[in-house]
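Here's the structure we're looking at; comments come further down.
Nothing in this text is a laboratory measurement; each read-out follows from the coordinates by a stated rule. Values in this document were obtained by computation on a predicted structure and should not be read as measured data. Don't worry about glycine lacking a Cβ; one is built from the backbone with ideal geometry, like all the others, and counts go over all protein chains shown.
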Amino acid sequence: MNVRLYASPDDFGPVARWVYRRDPVLFTTELTTLRTSRWPDGHVLLSVADCDGTVGAALQMRDAVLLVNGLQPKSAKAVAAALAPVRADLPAIRGTAATAVAFSHAWTEVADVSATSEFQETLYRLDEMVPPSGVVGQSRLAYDGDAELLVGWLDAFFV
């Protein structure tokens with residue numbers, strides 16, 4: 001396996017198209033992170049290739065969390081070995097259970113650190129919208145005057 005590091009999202013573009021755009025729902029965080037206006041210096045963009053071509057990718061969010069969804073679990077040790085010399089201070093990873101567990105095991109072995117699981121998230125996909133019945137009112141776009149209400153709803157959601 002060949003692990004390659006990239007200097008900028010522009011260089012990483014073909015990899016992102018191949019790995020992440022195949023499933024924009026699964027990779028929504030990766031695709032959103034790549035659209036950041038200015039890529040932070042020293043943040044990781046990497047691809048994994050084998051004899052068949054590019055088979056995986058990972059990238060680092062602004063808060064330095066490494067997103068490992070795009071990696072195959074079998075590539076975890078090669079990625080950890082390539083990444084340890086350049087990002088030994090990696091604070092956290094995020095990914096599906098299979099990729100996160102595989103990478104964290106490889107990272108603890110290669111970087112000689114311990115890893116713990118902090119939380120699990122679930123990504124839901126809306127297949128079909130069913131409008132509510134028996135509800136007064138109708139949908140509309142939000143206006144500036146709705147900001148306080150919407151912020152309150154968002155805060156309540158996270159609580």
*Taking amide H positions as placed in the peptide plane 1.01 Å from N, state which residues far from Gly56 in sequence (5 or more) or on other chains have amide H under 5 Å from it.*
Val48
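Please figure out what share of the DSSP beta bridges in the chain is antiparallel and state it in percent, rounded to the nearest 5. Walk me through the numbers on the way to the answer.
Values: 12 of 14 bridges.
Looking only at bridges with both residues in the chain, the antiparallel portion is about 85 percent.
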*Which of the GluC sites (Glu not before Pro) across the stretch 100-159 are loop residues per DSSP, with 11 or fewer other Cβ within 10 Å?*
Glu118, Glu121, Glu128
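Can you tell me, using C-alpha contacts under 8 Å and at least 6 residues apart, the relative contact order of the stretch 41-159 as a whole percent? Could you put the intermediate results ahead of the total?
Values: 112 pairs, mean separation 19.4, N = 119.
After rounding, I find 16 percent.
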*Between the helical axis of 147-158 and the dominant principal axis of the chain, each derived from Cα atoms, what acute angle in degrees is found, rounded to the nearest 10?*
50
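Provide the FRET efficiency to the nearest 0.05 for the Ala156-Thr36 pair, computing r from the beta carbons and using R0 = 30 Å.
About 0.60, to the nearest 0.05.
Hey, what number do you get for the chain at 222 nm if only DSSP H runs of n ≥ 4 count, each worth -39500 (n - 2.57), divided across all residues, to the nearest 500?
Details: 5 runs with 53 residues, N = 159.
Helix contribution divided over all residues of the chain: -10000 deg cm²/dmol.
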*So if R0 is 35 Å, what FRET efficiency would Arg4 and Leu123 give, r being the distance between their Cβ atoms, rounded to the nearest 0.05?*
0.80
*In nm, what is the difference between 0.36 nm times the number of residues separating Ala92 and Lys74 and their Cα-Cα distance?*
4.5 nm
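Place the peptides 75-87, 6-18 in order of packing, highest mean first, counting for every residue the other Cβ atoms within 10 Å and averaging per peptide.
On the way: 75-87: 19.2, 6-18: 14.8.
Listed from highest to lowest mean packing, they are 75-87, 6-18.
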*To the nearest Å, what is the center-to-center distance of the stretch 30-63 and the stretch 134-158, using C-alpha atoms only?*
34
